[in-house]
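Q: Before I ask anything, let me first share the structure, which is written out below as structure tokens.
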Amino acid sequence: MLNRRTIRIKIMQSLFAFNQCKEANHSLALDLIEERFQPDLNSMQVQDKELLRGQKKAALQLFEKRFKGKDLTESADPKIEKAIADALDLFNNGVTKDQAFLSKNIILEIEKLTTLYLSVLQLLVEFAELASAEKKVNHSNFVNHPIIKAIAANEELSAQLLKVDGGWQKRKDSVRGWFKDVIKEDSLYQEFIAEKNPKEESQKVLIKHLVRKLILGAGSINDFFEDQDIRWAEDRDIIKSLVDKTLKSFDGGKVALQKMSLDWEDDKVFINKLFKNTIALDEQYKQLIAKNTKNWEVDRLPLTDRAILEMALSEMIHFPNIPVKVTINEYIELSKEYSTPKSRQFVNGILDVMSKTMKDSGAIKKSGRGLIDNK
């Protein structure tokens with residue numbers, strides 16, 4: 001089941017990507033200014049290289065000041081002014097497009113988890129079908145495995161696979177290769193198909209082994225999923241949990257498909273709101289971070305730590321129904337897993353101090369049952 005921690009991880013990853021995109025857009029803006037003051041090699045007129053160098057230097061300096069909001073005065077040189085305006089437009093347009101893309105992509109990445117989950121279940125069925133076509137070896141224990149038969153008979157699975165294009169029709173060659181080289185060669189599988197009358201416990205052991213070790217464990221099948229999903233290192237555990245719960249739901253005749261989210265519409269609101277508000281975090285709160293990080297500028301913090309701190313502040317401010325303690329604990333956990341070894345203590349200390357400051361100033365206002373005291 002998808003939980004809020006997993007969602008926060010997805011948002012953090014997208015914020016990390018967004019900040020990298022901003023840096024790339026900044027570099028493109030500087031490149032534009034550089035190009036505007038290069039000598040025109042096609043011109044028949046003599047180029048004043050000294051003048052161009054001076055204009056370029058002045059344009060780059062003024063651009064950086066405006067970029068940081070420190071100097072909004074216009075240059076007396078129209079060429080310099082035009083170059084700066086075009087560079088800022090290039091940067092701002094790029095940032096707007098990147099934000100829209102990444103915001104939408106968070107939703108798509110999470111929805112893709114459903115496709116991956118269904119595909120893993122269907123892969124068991126595909127292997128059983130290949131086994132049934134084998135003539136030299138008797139695979140009947142596997143072909144008649146009650147859980148696999150229940151998965152194959154699940155009409156909801158078939159319908160959802162059609163909707164998300166999660167079947168294996170276009171990758172039959174890969175499936176055949178995995179069955180031949182991975183499944184058939186596995187010693188536990190060979191022992192299972194050689195049993196005379198497999199017991200229920202033996203059937204459960206095999207199906208767990210297939211999923212955890214052969215499909216989602218290290219190997220060629222896992223490598224395939226990794227190629228399909230750039231976040232597979234994190235997503236694999238989610239898929240594994242969903243598949244495990246599906247297998248455990250077997251009641252002797254049917255299996256129950258798992259939902260990715262109990263309330264996906266509510267989760268989407270949370271995603272969009274937290275992502276948008278973190279990007280738009282007011283400068284005063286960035287300064288609050290700087291003030292509490294030994295006067296470092298926020299831009300000098302490690303990118304992951306900066307994203308974690310800004311997300312945490314945004315969540316404290318814009319989600320009145322989430323207790324401060326919950327927010328702080330969630331982002332400490334994120335820092336433990338995704339940042340530097342010392343980040344846990346760093347994030348814990350900074351968020352604790354800033355939350356108290358913001359509560360005293362009225363920036364944090366919690367409401368709802370049990371949220372009156374959020375120390």
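Q: Please give the number of the condition D89 fails out of (1) charged (D, E, K, R); (2) touching a Phe, Trp or Tyr at 6+ places or on another chain (Cβ under 7 Å); (3) closer than 30 Å to L274 by Cβ.
A: Exception for D89: condition (2).
Q: Additional query: Restrict the check to the stretch 270-293 and report whether at least one residue is surrounded by fewer than 16 Cβ atoms within 10 Å (Cβ to Cβ), of a type outside the set (G, A, S), in contact with a His (Cβ under 7 Å, 6 or more places away or on another chain) and in a helix (DSSP H, G or I).
A: yes
Q: What number of residues within the stretch 76-103 are within 27 Å of Q284 (Cα to Cα) and surrounded by fewer than 13 Cβ atoms within 10 Å (Cβ to Cβ)?
A: 6
Q: Looking at the structure I just gave you, is A83 at pLDDT below 90 and more than 24 Å from F18 (Cβ to Cβ)?
A: No.
Q: Does T73 count as modelled with pLDDT under 95 and either polar (S, T, N, Q) or crowded, with 18+ Cβ neighbours inside 10 Å (or both)?
A: Values: modelled with pLDDT under 95: yes; either polar (S, T, N, Q) or crowded, with 18+ Cβ neighbours inside 10 Å (or both): yes.
Spelling it out, T73 is indeed modelled with pLDDT under 95 and either polar (S, T, N, Q) or crowded, with 18+ Cβ neighbours inside 10 Å (or both).
Q: Also, I was wondering about something else. Select from the stretch 157-170 the residues that are touching a residue at least 12 places away in the same chain (Cβ under 8 Å), in a helix (DSSP H, G or I) and not aliphatic (A, V, I, L, M) and list them in ascending order. Give the steps one after another, and end with the answer.
A: Quick first cut of the stretch 157-170, residues touching a residue at least 12 places away in the same chain (Cβ under 8 Å) only: 157, 160-161, 164-168.
Remaining after also requiring in a helix (DSSP H, G or I): 157, 160-161, 164.
Scanning the stretch 157-170 gives a single hit, Q160.
Q: Right, something else. For the stretch 71-101, enumerate the residues that are more than 23 Å from the chain's Cα centre (by Cα), aliphatic (A, V, I, L, M) and over 19 Å from D31 (Cβ atoms).
A: L72, A76
Q: Looking for something acidic (D, E), in contact with a Cys (Cβ under 8 Å, 6 or more places away or on another chain) and either touching a residue at least 12 places away in the same chain (Cβ under 8 Å) or in a helix (DSSP H, G or I) (or both) - is there at least one such residue anywhere in the stretch 84-97? Can you show your working first?
A: Residues of the stretch 84-97 that are acidic (D, E), as a first pass: 86, 89.
Pick out the ones that are also in contact with a Cys (Cβ under 8 Å, 6 or more places away or on another chain) and you get none.
Looking for residues that are acidic (D, E), in contact with a Cys (Cβ under 8 Å, 6 or more places away or on another chain) and either touching a residue at least 12 places away in the same chain (Cβ under 8 Å) or in a helix (DSSP H, G or I) (or both), one finds none in the stretch 84-97, hence no.
The values are calculated or read from the model by the stated rules, or taken from the named source; none is laboratory data. In this text, all values refer to a predicted model and were calculated from it rather than measured experimentally. In this analysis, Cβ positions are derived from the backbone assuming ideal geometry, glycine residues included, and neighbour counts consider all displayed protein chains.
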